[in-house]
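Participant: Let me give you the structure first, and then I'll get to my questions.
The values are calculated or read from the model by the stated rules, or taken from the named source; none is laboratory data. Everything numeric in this text was worked out from a predicted model, so none of it was measured. Backbone-built Cβ (ideal geometry, glycine too); neighbour counts: all protein chains shown.
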Amino acid sequence: MGASELYTELNRQFINGQWTDGSSTRQTENVNPYDQSKIHDFQLASIADVDAAYHAAKVAQKSWEATTPVERIALIQRLEEVLQARGEEIINWLIRESGSTRLKATIELGAAQGITAEAKTFPLRVNGEILPTSVPGQQSRIYRKALGVIGVISPWNFPFHLSMRSVITALALGNTVVLKPASDTPVTGGTLLAKIFEEAGFPAGVINVVVGAGSEIGDYFVEHAVPSLISFTGSTEVGKRVGQLAVGGKYIKRIALELGGNAPMVVLDDADLKQAVDLTLMGRFMHQGQICMSTNRVIVDAKVYDEFVSLLEQKVKSLAVGDPDIMGTLIGPIINQSQKDNVLRIIEQAKADGATLLVGGETQGNIIPPHVFINVDPQSALAREESFGPVLPVIKANDEAHALELANDTEYGLSSAVCTSNHERGVNFALGIEAGMTHINDITVDDQSHAPFGGEKNSGLGRFNGHWIIEEFTRTHWVTLQTTPREYPI
């Protein structure tokens, strides 16, 4: 198939290099969240399909791990070429299936291309070690080996990148993969990747995709005997369940969890307020706030609070809302009815709790316009819940120390940001935040392929990207070699 031909059969399972219908009795409709048009029907996977996928991955793994680094690098290079050639097709699928704006979809494709380029270096970065030893005639060696089969469960908000981030990394390191995408994005999180890897020439069984209902195959996917690690990206609630099943079940396995967040944007009293407003709005409203790193609350020093709020009110009213296929649109549709209902619940609860609605608007279909609240109680649900929608609470801090206290007053610790004109003040403040990532004078949303990505507290376990993910997705094997006979007191 040439890149000029659009992919077909994207509503089927991909197991051991074959495209098949799922064997579940259940079907689902894949729906465009913007206009509610049906994309296609999907015959879902059963636990028998999960068995087949894991079996295929297990059979393929040893020969895949035995390929040379040069061979794997060549395939990843081919994958990069396919991603480039298929770029517009991928972007259009993200807009159509996940409700991504064209801006966000373009950013997401770039992120996937970035992690692919980084993964291309991994086969030559899996290094062993020689240890000193006090035993005469002994060599003490450390080998790093592939884990085996990795099960990947990806979310619907950045489906293409967050699937690719785990899949390409696992494959580059000699593992094989079974991927279960979110039900809302079975193509952009699953079968679209399968087509791309197939076109790039990856062997059968190396990547497998099963699209099924969580209630039917979710627990089984995690508890299965084959995978050595489960990589899960999604909500903290579901992530806790995955952790319990993976560690507390019959087969103990490793886990990589990237979960929810409640990212603060802290505006100190010396900040450039116009810049702070721009960073707040981009960090909150890109992809309708449906990003784990999204600015979930902005904490502003009392000395500049009123001026910040005035500038914020003016700017937020200018944000483009509506058709995600228009490049200027920042805020598009919420992914589904359930998520929309939850965002609307949060808005009504905020009003009931006494927060003042500064900017709002009427919902049209799945489009919720930006909502900004002031006079927000830091202990209210609005300040403490992850809204995952276009809702922004503005919280007043008495001073810098109080701002840091408010920033850390959360069960989450994924991303964060601080605005200040004093760079070292910003660094000192950043180091006081209990989070995996802090950005000074920038938005809370950032994911660079060579930098450690992950959170603290209830935001997850482990780190993605760079040498951190190499450690997560490989195992250490200590080997000693006794070159001369060793004497024992027996």
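Participant: Looking only at segment 156-176, filter to residues that are under 10 Å from the mean Cα position of the chain (by Cα) and in a loop (DSSP other than H, G, I, E, B); which one of those is surrounded by the most Cβ atoms within 10 Å (Cβ to Cβ)?
Facilitator: The extreme case among them is Phe158.
Participant: Tell me, which residue of segment 2-26 that is closer than 23 Å to Val178 by Cα and at pLDDT below 95 is surrounded by the fewest Cβ atoms within 10 Å (Cβ to Cβ)?
Facilitator: For segment 2-26, the residue satisfying everything is Thr8.
Participant: Looking at Leu414, Leu481, which one is loosely packed, with under 13 Cβ neighbours inside 10 Å and at pLDDT 95 or above?
Facilitator: Only one candidate passes the filter, namely Leu481.
Participant: Further question: Looking at (1) at pLDDT 95 or above; (2) out of contact with any Lys or Arg (no Cβ under 8 Å at 6 or more places or on another chain); (3) among the aliphatic types (A, V, I, L, M), find the lone condition where Ile490 falls short.
Facilitator: Looking at each condition in turn, Ile490 falls short on (1).
Participant: Then there's this: Which helices (runs of 4 or more DSSP H) sit wholly inside segment 1-109 and have at least 1 residues that are in contact with a Leu (Cβ under 8 Å, 6 or more places away or on another chain) and under 30 Å from Gly322 (Cβ atoms)?
Facilitator: Here the list reads 69-85, 87-98.
Participant: Could you please find all residues in segment 283-305 being more than 16 Å from Ala403 (Cβ to Cβ) and of a type outside the set (Val, Ile, Thr)?
Facilitator: Gly283, Arg284, Phe285, Met286, His287, Gln288, Gly289, Gln290, Cys292, Met293, Ser294
Participant: State the number of residues belonging to segment 335-368 that are within 23 Å of Val31 (Cα to Cα), loosely packed, with under 15 Cβ neighbours inside 10 Å, touching a residue at least 12 places away in the same chain (Cβ under 8 Å) and not polar (S, T, N, Q).
Facilitator: Within segment 335-368, residues that are within 23 Å of Val31 (Cα to Cα), loosely packed, with under 15 Cβ neighbours inside 10 Å, touching a residue at least 12 places away in the same chain (Cβ under 8 Å) and not polar (S, T, N, Q) number 1.
Participant: Looking only at segment 458-485, which residues are over 18 Å from Glu258 (Cα atoms) and not in a strand (DSSP E or B)?
Facilitator: Passing the criteria: Thr483, Thr484, Pro485.
Participant: Could you list, ordered by first residue, the pairs with Cβ atoms under 7 Å in which the first is in segment 288-312 and within 21 Å of Lys340 (Cβ to Cβ) and the second is part of a helix (DSSP H, G or I) and among the β-branched types (Val, Ile, Thr), at least 6 apart or interchain?
Facilitator: Thr295/Thr280
Participant: Got a sec? Which of Met327, Met293 is modelled with pLDDT under 95, on the phi < 0 side of the Ramachandran plot and in a loop (DSSP other than H, G, I, E, B)?
Facilitator: Just a single option satisfies the conditions, and that option is Met327.
Participant: Take the residues of segment 392-419 that are part of a loop (DSSP other than H, G, I, E, B) and in contact (Cβ under 8 Å) with a residue 40 or more places away in the chain: which is farthest from His371 (Cα to Cα)?
Facilitator: From segment 392-419, those part of a loop (DSSP other than H, G, I, E, B) are 398-399, 409-411, 414-416; that's our starting set.
The next check asks that each one be in contact (Cβ under 8 Å) with a residue 40 or more places away in the chain; those that pass are 398-399, 410-411, 414-416.
Working: Asn398: 24, Asp399: 26, Thr410: 22, Glu411: 24, Leu414: 23, Ser415: 22, Ser416: 21 Å.
My answer is Asp399.
Participant: Looking at segment 459-486, I want the residues that are in contact (Cβ under 8 Å) with a residue 40 or more places away in the chain and closer than 18 Å to Asp446 by Cβ and have a partner that is surrounded by 11 or more Cβ atoms within 10 Å (Cβ to Cβ) and of a type in the set (Lys, Arg) with Cβ atoms under 8 Å, at least 6 apart or on another chain. Which pairs are those?
Facilitator: If the second residue must be surrounded by 11 or more Cβ atoms within 10 Å (Cβ to Cβ) and of a type in the set (Lys, Arg), the pairs left are Phe464/Arg165; Asn465/Arg165; Ile469/Arg463.
Participant: Within segment 420-457, can you find the residues that are over 13 Å from Glu400 (Cβ atoms) and part of a helix (DSSP H, G or I)?
Facilitator: Result: His423, Glu424, Val427, Leu431.
Participant: Sticking with this one: For residues in segment 376-389 being in a loop (DSSP other than H, G, I, E, B) and touching a Leu at 6+ places or on another chain (Cβ under 9 Å), which is surrounded by the most Cβ atoms within 10 Å (Cβ to Cβ)?
Facilitator: Going residue by residue through segment 376-389, those that are in a loop (DSSP other than H, G, I, E, B) are 376-380, 385-389.
Those left that are additionally touching a Leu at 6+ places or on another chain (Cβ under 9 Å): 376, 378, 389.
Numbers: Val376: 23, Pro378: 18, Gly389: 25.
Looking at residues that are in a loop (DSSP other than H, G, I, E, B) and touching a Leu at 6+ places or on another chain (Cβ under 9 Å), I get Gly389.
Participant: Here is a further query. Kindly establish whether Ile470 is surrounded by fewer than 16 Cβ atoms within 10 Å (Cβ to Cβ), outside the structural domain of Phe285 (by TED's automatic domain parsing) and farther than 20 Å from Gln139 by Cα.
Facilitator: Taking the combined requirement at face value, the residue does not satisfy it.
Participant: Please name all residue pairs, on different chains or six or more residues apart, with Cβ atoms under 6 Å, provided the first residue is in segment 47-70 and is assigned by TED's automatic domain parsing to the domain that holds Val177 and the second residue is assigned to a helix (DSSP H, G or I) and of a type in the set (A, V, I, L, M, F, W, C).
Facilitator: Ile47/Ile217; Val50/Ile217; Val50/Phe221; Pro69/Leu124
Participant: Sort through Ile91, Ile130, Ile153, Ile142 and tell me the only one that's of a type in the set (Val, Ile, Thr), in the same structural domain as Gly190 (by TED's automatic domain parsing) and within 15 Å of the chain's Cα centre (by Cα).
Facilitator: None of the others qualify; the one that does is Ile153.
Participant: Can you pull out the residues in segment 244-264 that are among the aliphatic types (A, V, I, L, M) and in a strand (DSSP E or B)?
Facilitator: Ile255, Ala256, Leu257, Ala263
Participant: Just one of (1) in contact (Cβ under 8 Å) with a residue 24 or more places away in the chain; (2) under 30 Å from Val126 (Cα atoms) trips up Gly110, so point out which.
Facilitator: The failed condition is (1).
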